[in-house]
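Following: one structure in structure tokens, then a few remarks.
Every read-out reported here was derived from the displayed coordinates using simple, explicitly stated rules and does not represent laboratory data. In this text, all values refer to a predicted model and were calculated from it rather than measured experimentally. Don't worry about glycine lacking a Cβ; one is built from the backbone with ideal geometry, like all the others, and counts go over all protein chains shown.
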Amino acid sequence: MRTSELFLIAATAVFAVVLGLQSTDFQYFSRQGFGPGFVPTNFAILTLLLAAYLVVKARLKSGGPFLPEGLAERFKAVLPALSAAVLLFGATALMGFGSILAPLYVVMVIISLAFLGHGLARALVFNAVTLVAIYGIFSLWLNIPVI
Amino acid sequence: MDALNNLMMGFGDILTPFNIAVIFAAGLIGTVVGALPGLGPSAGIALMLPLTFGMPEASGLCLLTGVYMGTMYGGRITSILINAPGDAPAIITALEGYPMMQQGRGAMALGISAFSSFIGGLFGLLVLIFAAPVIASYAIYLGPPEYFLLMATGLATVMLLAGDQIAKAFFVTCLGVLVSTFGSDYVSGQIRFAFVPELIEGIDFVAIIIGLYGLGEVFYNLEKRVKLNLGKPGFRMKEFIPGKAELSQAAAPTLRGSILGTLIGIVPGAGATVATFLDYAMEKRLSKKPETFGTGNIAGLAGPEATNNAAVPGSLIPLITLGIPGSGGTAIMLGALIMFGLRPGPLLMTTSGDIVWAMIAGLVLANAFLLASNVLLIPVFVNLLRAVQGNLANVVIALCVVGAFSLAYSPFNIWIMLIFGLLGYLMKKNDYPTGPFILAVVLAPLAENYFRQSVMLGQGSARIFLDRPISLTILILMALIIALSIFGQVRAKRRALRAGADGE
């Protein structure tokens, strides 16, 4: 089983457990039918059952070790996606200070340099042009306060 | 005649310089997005949704449907030129189009596929124009039990079409239902899972789809280091125009593809991809020279191209008349209709007929624009694709972030978009279908509402689903679909096992 699949299933299961527990605050039945707790409770249980089924099925299918070997190489392969996600999470935290485009520009330049094989000048110019176009569309045309 | 009058009224609304420019731009954007491997119709509509804020409803919907239609035209360009299908329905196009390109008939393949796409789209639109009002007039007899069952049928079909991935499809459907439970409960008015004040209204659907289809694709393509290399194909204008011989070979498959595509498009859950595969198999079976399929057969190219374009208007029929989306793309369209303050369902054509007919008129215009642009502007598309091919990841990231911010002018939706971007990446990486997830997110609140209303109507008893003739019919149909699908899968497995045993 892939580590990423296990992560997906585990994260979904945790999400289902949280919602399942929280949904006990809501009525399961109402006077003439079902209450607001009916759907989240049942689907949280169903999600957990399916998560268990998918893990067991993958375990039975894979003859060798449960997690694949060569984790270091696999980690290296997912590094671009993972780094881009981390950069974007960091940039979003910085957006709280007022500017959306400035942190975004920095992330875009780093991605250009690190993963798209652009030189510094190309990365700076291409991404500046992209953001100017986006600023024109959203801020000047649609009056959405993107700065 | 009413339909034609309404269509003329729709044309009256959209024939303004702004709307014409929007429809033309939508076609161009859709074609480019459709041509880019990894970005399909859902991503195209999702990325364009924030642009519709502040536009009149008709213009916004024309933009979205124009992009939807454009992606169906665009998918074929990279399929034919570099054997890299832009989206799933274009996989079949690559089977016949790329061999034609290798034989020096690439321009002809582009020309024939553009004409077939146009005819397919036009046929689907005619059915939409004349059938939608008829279906809508009957749909007013449906009540909550029938609506719930229709939605359940749509979801069941999508899951069943997942084939071997049925458990995964069911899993993501459940996840979609859970995501949809945030915010106000329609029936009791209680607020569910508002861990932060921004969640009182629920999780914004647009942030979910931008993340899932936009950012998720970027992360996946960054990992796979997907690179386009279109080169500089040089074609002469006259090479795009099919001659008499080519047209006669393409005519019958185009017509068959148009009919099949429209019919399959109407069925909730089936969609353009399934339709193109079925049509290709049908054309191969009908052909006198099936051995030429895969080597640049015109029938194998024209039929599926007509099919995937006919499926778009086809899939809009249940959406407009019943408020039931049958695919990821139409689920996003449903979200857009709700975002514009419209109430999808049987009364949509009565209460907001002007907007719906303007949208349909916009589609007719977009289809004509797309034919012209896909014959005359192929060099423009190729150059546009070459311009973005090196920096596509950053263009999409910027659109996703700014688009998510535009939803409420706050970074909260950017966080949501990032979380669903990661989810989309993990789903794509591990072959979990996104269609059932997004359908569940859109349909679950409506289905929950209809289900609980039905049980209340039945005084607490679920027998109401069996007592009403229409709902009973839908139940039987649903059972038949499930039974046939399971039977088909078991038969296919047995056949594969038998073939394996014979091989040994």
Take B:Ser116, A:Ser112 and order them by how many other Cβ atoms sit within 10 Å, fewest up front. A:Ser112, B:Ser116
Going fewest to most other Cβ atoms within 10 Å around each Cβ, A:Leu79, A:Leu131 line up as A:Leu79, A:Leu131
Can you flag which of B:Lys168/B:Lys224; B:Lys224/B:Lys284; A:Lys57/B:Lys284; B:Lys288/B:Lys493; B:Lys284/B:Lys428; B:Lys238/B:Lys289 are past 26 Å Cα-Cα? B:Lys224/B:Lys284; A:Lys57/B:Lys284; B:Lys288/B:Lys493; B:Lys284/B:Lys428; B:Lys238/B:Lys289
If only Cα atoms are counted, what is the Rg of the protein assembly as shown, and what is its Dmax, in Å? 24.3, 73
Restricting to DSSP H runs of at least four residues, report the calculated mean residue ellipticity at 222 nm for chain B, -39500 (n - 2.57) per run over all residues, nearest 500 deg cm²/dmol. -25000 deg cm²/dmol
³J(HN,Hα) across the stretch A:2-17 via Karplus (A = 6.51, B = -1.76, C = 1.60, θ = phi - 60°), whole Hz, x for Gly/Pro? 6, 4, 5, 5, 4, 5, 4, 5, 5, 4, 5, 5, 4, 4, 5, 4
Bin width 20 Å, alpha-carbon pairs only: give the P(r) of chain B as whole percents, running from 0 to the bin holding the largest distance. 23, 58, 18, 1
Relative contact order (percent, whole number), chain A, Cα cutoff 8 Å, 6+ residue spacing: 17
